[in-house]
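What follows is a set of notes on a single structure, which appears directly below.
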Amino acid sequence: MASEATDLVLRFLKEVFDNKNVDAIDELIDAKAVDRTPWPGYGTDRAEVKRGLSDFITAFPDLHLSVDDVITQGNKVVIRSTMSGTNTGEFMGMPPTGKRVTDIGGIDIVEVKGSKLGDHWGYVDTTSMMTQLGLLPPMG
């Protein structure tokens, strides 16, 4: 199960982030899955995950996600990743800045249910992202 769970999560990341194929969400995420940590302004169901990721990819069209670590235990997969991209579109009500963000860390935990992705818990270093975009003052 661990290998299949890992493969499914990595396929999701490849389809959505590398191929910019948000329609893969309908195929890969279970209809009853819940996003336990949605972006502000987005809901927790599959349609809202699709809307949020579509908006994020539109806001950062050159978005690149690197998978740094993968840990699988049973049917849960933990991904530590790093993102970079240029903000050329609106996101979460914020106008585009034209600025590039780099080394934005994230951690995601995905529960796999059979052949589909289930519930998701995630963290993105939004403080670093907003600081690099010039929307928050530098820390310190």
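The values are calculated or read from the model by the stated rules, or taken from the named source; none is laboratory data. Because the structure is predicted, anything quoted here is derived from the model rather than measured. Virtual Cβ from ideal backbone geometry, glycine too; neighbours counted across all protein chains shown.
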When (1) under 14 Å from the mean Cα position of the chain (by Cα); (2) of a type in the set (A, V, I, L, M); (3) more than 21 Å from residue 19 (Cα to Cα) are applied to residue 53, the one that fails is (3)
Note: among 117, 136, just one is among the aliphatic types (A, V, I, L, M), exposed (fewer than 14 other Cβ atoms within 10 Å of the Cβ), under 23 Å from residue 41 (Cβ atoms) and in contact with a helix residue (DSSP H, G or I) (Cβ under 8 Å, 6 or more places away or on another chain), namely 136
- Query: Can residue 51 be described as surrounded by 13 or more Cβ atoms within 10 Å (Cβ to Cβ) and touching a strand residue (DSSP E or B) at 6+ places or on another chain (Cβ under 9 Å)?
  - Reply: no
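Only one of these is more than 18 Å from residue 119 (Cα to Cα) and acidic (Asp, Glu): 26, 30, 68, 45. Name it. Talk me through it step by step, then tell me what you get.
Values: 26 fails: more than 18 Å from residue 119 (Cα to Cα); 30 fails: more than 18 Å from residue 119 (Cα to Cα); 45 fails: more than 18 Å from residue 119 (Cα to Cα).
Answer to the selection: 68.
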Residue 26: passes all of (1) more than 13 Å from the chain's Cα centre (by Cα); (2) under 22 Å from residue 129 (Cα atoms); (3) at pLDDT 95 or above but (2)
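Of all residues in region 26-45, which are under 19 Å from residue 10 (Cβ atoms) and of a type outside the set (A, V, I, L, M)?
Quick first cut of region 26-45, residues under 19 Å from residue 10 (Cβ atoms) only: 26-30, 33, 35.
26, 27, 30, 35, listed by residue number.
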With the first residue restricted to region 67-79 and required to be free of Cβ contacts under 8 Å to residues at least 12 places away in the same chain, and the second required to be in a strand (DSSP E or B), Cβ contacts under 8 Å at 6 or more apart or on different chains are 69/78; 69/79; 69/80; 71/77; 71/78
Residue 84 vs (1) surrounded by 18 or more Cβ atoms within 10 Å (Cβ to Cβ); (2) farther than 15 Å from residue 117 by Cα; (3) in contact with a Ser or Thr (Cβ under 6 Å, 6 or more places away or on another chain): all pass except (1)
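Quick one: which residue in 89, 122 is within 21 Å of residue 24 (Cβ to Cβ), surrounded by fewer than 17 Cβ atoms within 10 Å (Cβ to Cβ) and under 14 Å from the mean Cα position of the chain (by Cα)? Walk me through it before giving the result.
Working: 89 fails: under 14 Å from the mean Cα position of the chain (by Cα).
Answer to the selection: 122.
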Taking region 1-48 and keeping only residues that are among the charged types (D, E, K, R), touching a strand residue (DSSP E or B) at 6+ places or on another chain (Cβ under 8 Å) and closer than 23 Å to residue 126 by Cα, one is left with 18, 35, 36, 45, 46, 48
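Specify which of the listed residues (97, 82) is more than 18 Å from residue 38 (Cβ to Cβ) and in a strand (DSSP E or B). Explain how you work it out, then say what you get.
Details: 97 fails: in a strand (DSSP E or B).
Unique residue meeting the criteria: 82.
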*Is region 3-18 home to any residue that is more than 15 Å from the chain's Cα centre (by Cα), loosely packed, with under 12 Cβ neighbours inside 10 Å, on the phi > 0 side of the Ramachandran plot and at pLDDT below 95?*
no
Picking from 93, 105, 89, the residue that is out of contact with any strand residue (DSSP E or B) (no Cβ under 9 Å at 6 or more places or on another chain) and modelled with pLDDT of 95 or more would be 89
